[in-house]
Amino acid sequence: MSIEEHREDFARYKRDVKKEGKPFFPYAVFHDTVMSLVVVGVIIGLAALWFFTSGEEAGDAGVLGPRYQIEADPGSTQFVPRPDWYFFFLFYLLRIFKWPESVILGTIGIPTIALILLMVVPFIDRRRERRLLRRPVAMAASVLVIASLGILTYKGATAKEGSAGAEEEIPAWIEEGNLVANAEDVLVTDPDAAALGADPADAGALVEEGAELLVQAGCLNCHVYRDAGAQNLGAPDLSDEGNLERGLAWQIGHLKEPAEFNPGSLMPSFATLTDEQLLRLSVFLEASRE
């Protein structure tokens, strides 16, 4: 077949496509299949490059970085799981919409509404015009969506965890909150203090060790204490927990079995802590008064 015949066939094909359209099968199906295979191949290639060029030891980096930085510690109480980067926007929405009033709206309602709008766009906008400058509404919506996702993703990626830097604030908590004097008063007036083995003379050590436990046990991942922590799942602010005057025995029992003392509580049990640790943490909480 000559070059002229090829050109005529191609021109005829273009006229037919313009006049009658192009069937989804096999043209679009073939193109999508080829592109999907290319994407999957790139992902597999990058994964293989990362795996085979990195070492088995922690921090032993290859072309695309190390397999892991540090070994997993099953005894850690401070680790806070974080989502992959493409879910950071949803991760940050949990900080904007508070439990339980509006968290469903932020995490399920808004993404679902956005997905439904995206699905119905082809059925609503059926104009032939595709030039961007003549589609101001579509352009504005696209820019707004991209900007929103970008900002939320950045905020989610840079959000500090509840316990980050909190241990450095412990001396200020004790001094500004007058916690040692408050703890001495609690240990003198609480009827269960003596039975629990708490001595008013040890108030300073109990308060300091209790504050360290508050940070180390991961309490600030859900609670707020002064300016530290992140309030999640409706967990109360612990800055003035002592004002409620629940008592040391109540605090210890609640830490062991939260649901028994507060029905419906989502707080996990801290029964793995020793009796001495529970006492220190309870003294710190009861001394926290404003």
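Read-outs: derived from the displayed coordinates by stated rules, not from any lab. All figures in this text were calculated on a predicted structure; none of them were measured in a lab. Note that each Cβ is placed from the backbone with ideal geometry, even for glycine, and that neighbours are counted across all protein chains shown.
Compare 141, 205, 194 in a GNM of the chain, Cα atoms joined below 10 Å, and give the one with the largest fluctuation.
Maximum among the listed residues: 141.
Which whole-angstrom value gives the distance between the alpha carbon centres of region 237-290 and region 183-202?
15
Stretch residue 155-residue 70 to full length: gain in nm at 0.36 nm per residue minus the Cα-Cα span?
Full extension of this stretch gives 28.1 nm more.
To the nearest 10 degrees, how steep is helix 179-189 against the longest Cα principal axis of the chain, on a 0 to 90 scale?
Helix 179-189 sits roughly 50 degrees off the main axis of the chain.
If one takes the longest principal axis of the Cα atoms in the chain, at what angle in degrees, from 0 to 90 and to the nearest 10, does the Cα axis of helix 275-287 lie?
90
Could you tell me which of 28, 66, 43 has its Cα farthest along the dipole of region 1-71 towards the positive end, charges placed at Cβ (Lys, Arg +1; Asp, Glu -1), taken about the Cα centre?
About the Cα centre, the residue reaching furthest to the positive side is 28.
For labels at residue 46 and residue 138 in the simple 7 Å Cα→Cβ model, what's the distance in nm?
Placing both labels 7 Å along Cα→Cβ, they lie 2.9 nm apart.
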